[in-house]
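Some notes on the structure that comes next.
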Amino acid sequence: MGVGVGMKGIIILGSSRSDGHTAQIARYLQQQGGYDLIDLKDYSFSGFDYNHKNRTDDFLPLMRRLTDQYDLLIFATPVYWYTMSGIMKHFFDRISDCLKIEKPTGRKLRGMHMAMICCSSDDEAYPEMEMPFKRSAEYLGMNYHGYVHTWIEDERIPSEVQQRLSAFAVMLSQNIKD
């Protein structure tokens, strides 16, 4: 299916468990949409530092790679206390580096595409989960394409969730064109 002619997308997994439910959901969406996938746990970066003493960690090279190679960023996070995971929050906080000390990379975010998937323990949706992603996309000049809420039952992806993810992949493919 793919994202669109000449377009390339990546799922950015931000979870405490690389083999957990959110990862299971992300891999399913990866197969449905033909996206690449990275796990933020494979990178070493800290939270935002106003003095930028952490500029030599893995964050800036990762952001350069993402902005150079991809058109669509799909963030995958579990629902932790009604919001994104800690590692995902660190990632979003560090985007400030792209506005302060890595401006060429920050400028590349403008016009890119963003979406989000979240995974919780049941089918109760948490619409407030979307706000930081949507507002960040608006602030950065990115095109936000919404989110899908997911869950796992008995260690399996329920058919309703599979249908949601398949429809989400189709929607992204249709909405993101050259």
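The values are calculated or read from the model by the stated rules, or taken from the named source; none is laboratory data. Keep in mind it's a predicted model, so treat the numbers as computed, not measured. Cβ coordinates were reconstructed from backbone atoms using ideal geometry, including for glycine residues, and neighbour counts include every protein chain displayed.
Exactly one residue among Glu160, Glu124 is modelled with pLDDT under 95 and surrounded by fewer than 14 Cβ atoms within 10 Å (Cβ to Cβ), and that residue is Glu124. Of everything listed in (1) farther than 16 Å from Ser96 by Cβ; (2) hydroxyl-bearing (Ser, Thr, Tyr); (3) without any contact (Cβ under 8 Å) to a residue 60 or more places away in the chain, the single unmet condition for Thr67 is (1). Of the helices (runs of 4 or more DSSP H) that lie entirely inside the stretch 75-146, those containing 2 or more residues that are in contact (Cβ under 8 Å) with a residue 60 or more places away in the chain span 86-94.
Looking across the stretch 58-74, the residues that are touching a helix residue (DSSP H, G or I) at 6+ places or on another chain (Cβ under 9 Å) and either part of a loop (DSSP other than H, G, I, E, B) or among the β-branched types (Val, Ile, Thr) (or both) come down to Asp58, Thr67, Ile74. The set of residues in the stretch 22-56 that are surrounded by fewer than 16 Cβ atoms within 10 Å (Cβ to Cβ), of a type outside the set (Lys, Arg) and farther than 20 Å from Ile117 by Cβ comprises Ser44, Ser46, Gly47, Asp49, Tyr50, Asn51, His52, Thr56.
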